[in-house]
Amino acid sequence: MDQMTSQLGHLLVQSLPTVVLVLFLVAILNRLFFKPLTQTLEARAKATSGALADARQQAEAADERLREYERAIQAARQEIYQHREAVRRVALSERDGKIQQARSQADAMVKEAQASLEKEAALAKLELRTAVESLAVEVMDSLFAPRLPGSGQGGAQA
């Protein structure tokens, strides 16, 4: 066992420069390669996460602007609808006014025509009365008028 311990001790002494060299290389690699690589990867991760955060903020801002535009469009549509409704009410009011005016004119024309017809009917009745009276006078004159002898009408001639 002594021999084994001595061989193990000898092996350790011979491997000591290798262990020191490996530790030295690990320290150099850590300082020259892994530290800058880690810093670069961290900076890249920060930049990526920062870009993602900026992208999210821009997306939220764009969504907010979109909602504002939609609200503005809805308000404009509502205003147009109200204006259109007001114009329609005015047009209906004007149409109703014109219809009422036309009815009034038609009623006036009908009343005027009725008055004219009544006047003409009264004149016609008056003319008929005068004509009937003059015909009645003529008929009475012809029926009851004294007949002269020698007139050739109606008498018995002997």
Filter result for the condition that a residue is in a helix (DSSP H, G or I) and either modelled with pLDDT under 95 or at positive phi (or both), over Gln57, Gln100: Gln57
Being more than 15 Å from the chain's Cα centre (by Cα) and part of a helix (DSSP H, G or I): is that true of Val110 here? yes
One residue is enough: does the range 21-40 have a residue meeting the conditions surrounded by 10 or more Cβ atoms within 10 Å (Cβ to Cβ), charged (D, E, K, R) and more than 39 Å from the chain's Cα centre (by Cα)? yes
Of Lys35, Lys46, Lys111, the only residue that is on the phi < 0 side of the Ramachandran plot and at pLDDT 95 or above is Lys111
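The values are calculated or read from the model by the stated rules, or taken from the named source; none is laboratory data. Predicted model, so just to flag it, every value in this text is computed and none were measured. Ideal geometry is used to build each Cβ from the backbone, glycine not excepted, and the neighbour counts take in all protein chains shown.
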